[in-house]
Amino acid sequence: MTAQIINGKEIAEKKRLEIAKEVERLKELGVTPGLAVILVGNNHASRTYVNNKEKACKELGMNSLLIEMQEEVSEEELLAKINELNENPEIHGILVQLPLPKHIEEKKVIESISPSKDVDGFHPINIGRMMTGQDAFLPCTPYGIMVLLEETGISVAGKHVVVVGRSNIVGKPVGQLFLNQDATVTYCHSKTKDLRFHTNQADILIAAVGIPNFIKEEHVKDGAVIIDVGINRNENGKLCGDVAFDEVVEKAGFITPVPKGVGPMTITMLMYNTAKSAAWSLDRN
Ligand code: NAD
């Protein structure tokens, strides 16, 4: 059996058309969704991510505001800037690009963003709302994964989902979103014993580990749905995921490639959340 490829790029483009229409509607009502992105320091990868976010905003007709701060900026200054953006009615989403320099406490920064503008979905209030099944900003990568499955017509209820990885931005929240949709969820992580035993039971396997080609054919049940979140470079410097694609594709039922799988969905859901925040701001006025 050769797996069906889940084309994240195509699904992301379809979603972006829908978001662009929503942006047009909001503009007619007098609100242009605005996203503020704070970039601290000069991390090359962070700069690339931030540029892509700005580009996506422009393409969808949203406003974007890039705030660049020196590596040496104090925590106080950063928090003051976030506070200013919290108060700015033209800004509907605030995102602080991670990682931050060591002298700044990430947790403090995330918690200083108004939950109503936390379009990354990292604030404990949004996480709590997500856990209890309330309306919330959902974290973009996990949300993007759910949309990929929905758009591919893969049902979730009753399925056994095995998540490999338990980070706060991917592993933990994606498992929660599957649970919210009535899946049975198993989390695996660096201390899990006999990983293969668990992954072999997965109807849907999520790989969010950050190790190139970590999930092999032996980890996968025949016909399983494989979602590869990893963005890594292999020994030749080539972009690759956490799944050994060439061998797993022969056994799985569905698989996301890297690139053009989960990646394009992350920014798309960020745009979605920003438009949603702008729509909520209208409701509040
Ligand atoms: P992380 O480093 O925070 O977490 C990695 C997780 O893998 C940990 O929870 C750890 O317990 C687990 N792990 C490590 N070794 C393991 C092992 N031997 N067996 C089982 N589990 C093990 O990483 P993250 O931020 O969740 O990111 C994971 C990957 O996803 C990275 O490659 C990252 O670049 C990528 N990523 C992609 C997107 C996207 O938009 N596609 C977004 C975020 C992260």
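Since every read-out is calculated from the coordinates, none of them should be taken as a lab result. None of these values were measured; they are calculated from a predicted model. For neighbour counting, all protein chains shown are included, and Cβ atoms are generated from backbone atoms with ideal geometry for every residue, glycine included.
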Residues Ile113, Ile11, Ile226, sorted so that the one with the fewest Cβ neighbours within 10 Å comes first: Ile11, Ile113, Ile226
Alpha-carbon gyration tensor eigenvalues x 5, square-rooted, for the chain, Å: 33, 21, 18
Rg/Rh for segment 132-285, where both radii come from Cα atoms and Rh is the Kirkwood radius: 0.99
Label zone at Glu72, where the point sits 7 Å out along the Cα-to-Cβ direction: segment 95-137 residues whose backbone N lies under 19 Å: 100-105
Projected area, mean over directions - segment 164-239, Cα convex hull, nm²: 5.5 nm²
Potential extension, Met131-Asn86 segment - 0.36 nm per residue separation minus Cα distance: 13.8 nm
Of Asn43, Gly153, Cys140, farthest towards positive along the dipole that unit charges on Lys, Arg, Asp, Glu beta carbons give the chain: Gly153
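So which DSSP H runs in the chain come out at 15 Å plus along the axis (Cα) with average Kyte-Doolittle of at least -0.5?
Qualifying helices: 140-152, 263-284.
Students often get this wrong, so check it: of Lys53/Lys108; Lys58/Lys238; Lys81/Lys276; Lys21/Lys108, which have C-alpha atoms separated by over 31 Å?
Violating the 31 Å Cα-Cα cut-off are Lys21/Lys108.
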Spread of Cα-to-Cα distances over 5 Å intervals beginning at zero, given as percent, for segment 17-136: 2, 11, 20, 21, 21, 15, 8, 3, 0
Gain in span if fully extended, Thr2 to Lys191, counting 0.36 nm per residue against the direct Cα distance: 64.9 nm
Charged-residue dipole, Cβ positions (Lys, Arg, Asp, Glu), segment 220-263 about Cα centre, Debye nearest 20: 160 debye
MRE, 222 nm, helices only [DSSP H, n ≥ 4, -39500 (n - 2.57), over the chain, to nearest 500]: -13000 deg cm²/dmol
Candidates Ala136, Ala157, Ala45: whichever shows maximal mean-square fluctuation once the chain is modelled as a Gaussian network with Cα springs under 10 Å: Ala45
